[in-house]
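Presented below is the structure to which this report refers.
The values are calculated or read from the model by the stated rules, or taken from the named source; none is laboratory data. Bear in mind the structure is a predicted one, so any value in this text is a computation, not a measurement. Here the Cβ positions follow ideal geometry from the backbone for every residue, glycine too, while neighbour counts run over all protein chains shown.
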Amino acid sequence: MQSYDIYAPWYDIQNDMEDVEFYLEMLSTYGGPALDAGCGTGRLLLAFAREGFECAGFDTSQEMLRIARSKIEAEQPDVSERIEVSYGDMREFQLGRKFRTALFG
Ligand SMILES: C[S@@+](CC[C@H](N)C(=O)[O-])C[C@H]1O[C@@H](n2cnc3c(N)ncnc32)[C@H](O)[C@@H]1O
């Protein structure tokens, strides 16, 4: 079990932060697609996709990914279709695609 598995249910409550605006500004400057390596509950991926950006994320916490996937499934198809989520470790990963903007953790 990864330490974020335990923290996962509370992550979104404790991280409802204004940093989303900063990342959206970065995306407006550098463009998509965007990668969130260590995407957690998909907090940023959802914000990116809702603004029309293609994006992908991966994480080593299965519980964070479970929450991310359930949130993505609850979105409108035009939003959820822009998001790709998978299990992966940022120390060694291959997604087979390129990104204009990437953030880690
Ligand atoms: C602080 S959270 C950030 C989540 C998300 N990027 C956000 O801003 O809401 C850090 C995330 O990195 C993940 N993580 C930690 N080590 C990792 C690794 N080696 N590879 C991939 N993800 C990792 C954790 O499971 C956790 O979900």
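Observations on the model:
- LEU27 meets the conditions (1) under 12 Å from the mean Cα position of the chain (by Cα); (2) within 15 Å of the ligand (Cβ to nearest atom) in every case but one. The failed one is (1).
- Within segment 80-94, if we keep just the residues that are over 13 Å from the mean Cα position of the chain (by Cα) and outside any loop (DSSP other than H, G, I, E, B), the residue that is surrounded by the most Cβ atoms within 10 Å (Cβ to Cβ) turns out to be ASP89.
- Selection from segment 61-70 of residues that are surrounded by fewer than 17 Cβ atoms within 10 Å (Cβ to Cβ) and not hydroxyl-bearing (Ser, Thr, Tyr): GLN62, ARG66, ARG69
- Filtering segment 76-92 to residues that are among the small types (Gly, Ala, Ser) and in contact with a Ser or Thr (Cβ under 9 Å, 6 or more places away or on another chain) leaves only GLY88.
- Single residue of GLY32, GLY38, GLY57 found to be on the phi > 0 side of the Ramachandran plot and in contact (Cβ under 8 Å) with a residue 24 or more places away in the chain: GLY38
- Any hit, segment 42-60, residues being of a type in the set (A, V, I, L, M, F, W, C), assigned to a loop (DSSP other than H, G, I, E, B), more than 13 Å from the ligand (Cβ to nearest atom) and surrounded by 20 or more Cβ atoms within 10 Å (Cβ to Cβ): yes
- Residue-level check: of (1) out of contact with any Asp or Glu (no Cβ under 6 Å at 6 or more places or on another chain); (2) within 21 Å of GLN2 (Cα to Cα); (3) modelled with pLDDT of 95 or more, PHE104 misses just (3).
- Scanning segment 30-41 for residues that are out of contact with any Asp or Glu (no Cβ under 7 Å at 6 or more places or on another chain) and near the ligand (Cβ under 7 Å from one of its atoms) yields ASP36, ALA37.
- The residue pairs whose first member lies in segment 1-26 and is free of Cβ contacts under 8 Å to residues at least 60 places away in the same chain, whose second member is part of a helix (DSSP H, G or I) and within 11 Å of the ligand (Cβ to nearest atom), and whose beta carbons are closer than 6 Å, counting only pairs six or more residues apart or on different chains, are ASP5/GLU63; ALA8/GLU63; ALA8/MET64; ALA8/ILE67; VAL20/ALA47.
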